[in-house]
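A quick write-up on the structure given underneath.
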Amino acid sequence: MNRFLLYLILINMLTNMVSITPRLLILGSDSGTILSLVLVIIVGVALTYLLVNLFSRFPGQGLPEILRATAPKWVATPVLLFMAVTWYFAGLFTLIIYTFIIIRFLTPETSIYIVVLTFAIVVTYGVLMMTKNILYMGEIIFILVVPFIIFVQIKGYSDPTLGWDYIRVALTHVNHLPDYSAFTSSLFIVVGTANLVIFNRVFTNLKKPSAKGMVLLTAIFTFVLATTYLLPIGFGGFDALKNSLFPWIMTSDSMRMKYGVIERIVFIFIGAFLALGVVSMVMHWHISMQLLSSVIYFKRFTLKSVNLTTPLFIVIFWIVAMIMTKRLTTNGLFGIVKMYDDVVVPVLLILLVGCLLFAKKGAASKWRANKK
């Protein structure tokens, strides 16, 4: 499997470990989370294989180019607009979540506008980068921070205060039917492959996943999902974590390094995931920007021969981000992310797969017609 494709999947997966997903999983701990995770692993692996297989048939093309060649404009335009808004909000939720984490756990006296403005400067620079360069940036940050994340996970499993009895109790709820919210929230973790809607432009020779690659991916999915759900329960139990918006932050703060330079693991944990969160925001908003630009482009909106369509989108992005970050409460954030996972994510995946299957059929028909 191409290493950059693996980065797309893993960055999306790891970033959501500290988001709202763990709380949704824990809320469904006595109503089907275990079977939901099993089902997500199966569906996630199948979706990954299907999406890579479909995108490999259109080398070097993003979804705008694919739809432009195989679908009428009245179909392509609303689909691309919907996906642009969907990817924008995916990045926005990451921004709001990490802003709340920074203010609550690191700098409680800092103005929320300063935190968002700092993100704005960094993320805007990343969004305007070339698509290939974003992958290179993601690779560098991934290599730098993932060892720290693995260290925290190993530290967690080896910690003597970890309550294995809580984990055993959680596993006993396997007899419940899958919980829908737990399923859709976990599904968002494992669908980083959908980022190929734009990043497929870089993959001019994307190959179908091999059997070894899919086995490796299945093992990674299983480990990350199990860790995301079970490790917080092992440290905090059930009742306390159900009232916590960020269970993984509490989990990392339960660990100590007796002989370490930094005694509290939580600072290493937040720092590592903050770096991945910035990469995730850059990727999501870069995709949203590219999708919007493929549909909306004001030719006459120029200043000194420089088109201002992209700067206009950036201004709109940050105005919406500022307003929502300021007005949303933690409970409001939880509710809107839950609704996004329950409604938008399934629609997005169904629409994406449907468009690619339609495009594949249209491309095959054109090939047969040209051959004749």
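The values are calculated or read from the model by the stated rules, or taken from the named source; none is laboratory data. The shown structure was predicted, so the numbers you read here are calculated from the model rather than taken from an experiment. Cβ placement follows ideal geometry from the backbone for every residue including glycine, while neighbour counts extend to all protein chains displayed. These accessible areas exclude ligands, DNA and RNA; they are computed on the full protein's heavy atoms, side chains included. Shrake-Rupley method; radii C 1.70, N 1.55, O 1.52, S 1.80 Å.
What the table below lists for this structure:
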item: Sole residue being more than 16 Å from the chain's Cα centre (by Cα) and open to solvent by 50 Å² or more (accessible area, probe 1.4 Å), chosen from PHE298, PHE317, PHE313, PHE269; result: PHE298
item: Those residues of region 117-138 which are within 18 Å of ALA90 (Cβ to Cβ) and of a type outside the set (A, V, I, L, M, F, W, C), in sequence order; result: THR124, GLY126, THR131, GLY138
item: Selection count, region 177-207, where residues are of a type in the set (Phe, Trp, Tyr), closer than 18 Å to THR21 by Cα and open to solvent by less than 60 Å² (accessible area, probe 1.4 Å); result: 2
item: Where a residue in region 314-338 is over 19 Å from VAL282 (Cα atoms) and its partner, wherever it lies, is open to solvent by 40 Å² or more (accessible area, probe 1.4 Å) and assigned to a helix (DSSP H, G or I), with Cβ under 8 Å and at least six apart; result: LYS326/TYR113; LEU328/ILE336
item: Residue match in region 57-65 (condition: touching a Ser or Thr at 6+ places or on another chain (Cβ under 6 Å), at pLDDT 85 or above and either in a helix (DSSP H, G or I) or under 30 Å from PHE238 (Cα atoms) (or both)); result: yes
item: Any hit, region 114-122, residues being under 30 Å from LEU206 (Cα atoms), assigned to a helix (DSSP H, G or I) and either polar (S, T, N, Q) or free of Cβ contacts under 8 Å to residues at least 12 places away in the same chain (or both); result: no
item: Per-region count, region 46-68, residues open to solvent by less than 50 Å² (accessible area, probe 1.4 Å) and out of contact with any Pro (no Cβ under 8 Å at 6 or more places or on another chain); result: 12
item: Looking only at region 208-235, and only at residues there that are among the small types (Gly, Ala, Ser) and under 20 Å from the mean Cα position of the chain (by Cα), the one that is surrounded by the fewest Cβ atoms within 10 Å (Cβ to Cβ); result: ALA219
item: Residue match in region 18-27 (condition: at pLDDT below 90 and open to solvent by 30 Å² or more (accessible area, probe 1.4 Å)); result: yes
item: Of the criteria (1) in a helix (DSSP H, G or I); (2) under 22 Å from HIS284 (Cα atoms); (3) open to solvent by less than 20 Å² (accessible area, probe 1.4 Å), which one ILE249 fails; result: (2)
item: Residue match in region 308-315 (condition: hydrophobic (A, V, I, L, M, F, W, C), more than 21 Å from GLU65 (Cα to Cα) and at pLDDT below 85); result: yes
item: Flag if VAL43 is touching a residue at least 40 places away in the same chain (Cβ under 8 Å), open to solvent by 10 Å² or more (accessible area, probe 1.4 Å), in a helix (DSSP H, G or I) and touching a Cys at 6+ places or on another chain (Cβ under 8 Å); result: no
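The rows are residues; the columns are (1) exposed (fewer than 13 other Cβ atoms within 10 Å of the Cβ); (2) out of contact with any His (no Cβ under 9 Å at 6 or more places or on another chain); (3) of a type in the set (Gly, Ala, Ser).
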| site | (1), (2), (3) |
| --- | --- |
| ALA71 | no, yes, yes |
| PHE82 | no, yes, no |
| ILE97 | no, yes, no |
| THR107 | yes, yes, no |
| PHE151 | no, yes, no |
